[in-house]
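Accompanying notes for the structure given below.
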Amino acid sequence: MDISILLIQSLNAFQYGLLLFLVASGLTLIFGIMGIINLAHGSFYMIGAYMAFALGPLVERWLGGGFLATLLVCVLAAAVLGYLLEAAFFSYLYKRNHLQQVLMTYGLILVFEELRSILVGNDVHGVPLPSWLKGSIALGDVMTYPVYRLFISAVGIAVALLLYWVISRTRLGMMLRAGASNREMISSLGIDINKLYRLVFAAGVALAALAGSIAAPVSSVYPGMGNGVLIICFVVVVIGGIGSIRGAFLAAMLVGFAETFGQVLFPAAAGVLVYLLMAFILLCKPEGLFKQG
């Protein structure tokens, strides 16, 4: 393989892994800390992409903002949606068994898909790249790499550092880790665990929507786009260790490189490599790469 092609594929794998981490980090918070099997998490990724498509022109017309303002509005709107959904539905699932969680969150998938069809139709849509991110950088004499993909990587790195700091270095992170270990004990110390979980769920939804918003210009916006993302994100969470942010980051990188280079080197078996990787890691470390917390 030529060195320039290797470099480009490595950058693609790194960018894809960081995008996976954005979605999987939200699932890690909801599944790992709150104990909710949220099958609707892929729908939040889809909602973020459709919000970038639908709200972009409105934000530019009403607020005079551009792409970054649209991202901010999408993230805030998704956080509000997550907060309301947790209060209306998910708050009743903490003491229910996993089957009831699966049934309710699968029902939400159907609701979101039907609402998407009613509001924006079933067509495939595109989201234009912002003018300041349309360029490419040269990699050698003939190879170039899109600046927007580097922007996606930068956002993923920034979110990873922010999450690590919040979880590991702040009082909020300490409460989250304690609440994940012993919900009753943290409540007896005077901390409103229900409000805390509501904020965690809102953050998880916002992260998935952020991933969908920044992925929309390169992947288009289409019905059911969250289904495939959901499966691969559960793979990332399981490989990394349920509830571990650093595990989700490392697992997302491994999955990104395995899938990207698998499609280049072993196209016939590319769809299987990620699951073989998961099986191998779980055979060696059944709890995942890192334990919870």
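When each full DSSP H helix of the chain is screened for a Cα extent of at least 20 Å along its own axis and an average Kyte-Doolittle hydropathy of at least -0.5, the helices passing are 3-27, 41-62, 67-88, 98-120, 147-169, 193-219, 225-240, 245-265, 270-284. Taking the three principal axes of the alpha carbon atoms in the stretch 1-64, the coordinate ranges are 46, 41, 15 Å, sorted in descending order. In the context of the full set of protein chains, the chain has a per residue accessible area of 48 Å² (1.4 Å probe).
With unit charges on the beta carbons (Lys and Arg positive, Asp and Glu negative) and the dipole taken about the Cα centre of the chain, which residue among Y275, I186, Y145 sits farthest to the positive side? Checked the options; the winner is I186.
Put a dot 7 Å past each Cα toward the Cβ at S131 and V218; how far apart are the dots in nm? Output for this residue pair reads 2.3 nm. From the alpha carbon centroid of the stretch 215-293 to that of the stretch 10-41 is 9 Å. Since only T28, A209, L6 are under comparison, the one whose Cα sits farthest along the positive direction of the charge dipole of the chain, derived from C-beta charges on Lys, Arg, Asp and Glu, is T28. Distance from the Cα centroid of the stretch 45-109 to that of the stretch 147-210 is 16 Å (rounded to whole angstrom). Spherically averaged projected area of the convex hull of Cα atoms, the stretch 44-123: 6.0 nm². Report note on the peptides 172-178, 118-124: ranked by the mean count of other C-beta atoms within 10 Å, highest first, their order is 172-178, 118-124. Of the chymotrypsin sites (Phe, Trp or Tyr not before Pro) found in the stretch 1-72, none is in coil by DSSP with at most 16 other Cβ atoms within 10 Å of its Cβ. Using a simple spin-label model with pseudo-atoms 7 Å out from Cα toward Cβ, I3 and L58 lie 5.1 nm apart.
Percentage of Cα-Cα pair distances in the chain greater than 25 Å, rounded to whole percent? Cα-Cα pairs in the chain separated by more than 25 Å: 49 percent. Expressed per residue, the C-alpha convex hull volume of the stretch 1-149 stands at 151 Å³. Taking the Cα centre of the chain as reference, the dipole from Cβ charges on Lys and Arg (+1) and Asp and Glu (-1) amounts to some 780 debye. For a Förster distance of 45 Å, can you work out the FRET efficiency between the beta-carbons of L172 and A270, rounded to the nearest 0.05? Plugging the Cβ-Cβ distance into 1/(1 + (r/R0)^6) gives 0.70.
The values are calculated or read from the model by the stated rules, or taken from the named source; none is laboratory data. These numbers were taken from a predicted model, which means no experiment stands behind them. With ideal geometry, Cβ positions are generated from the backbone for all residues, glycine too; neighbour counts draw on all protein chains shown. Just the protein is used for accessible areas: all its heavy atoms, side chains included, with ligands, DNA and RNA removed. Shrake-Rupley method; radii C 1.70, N 1.55, O 1.52, S 1.80 Å.
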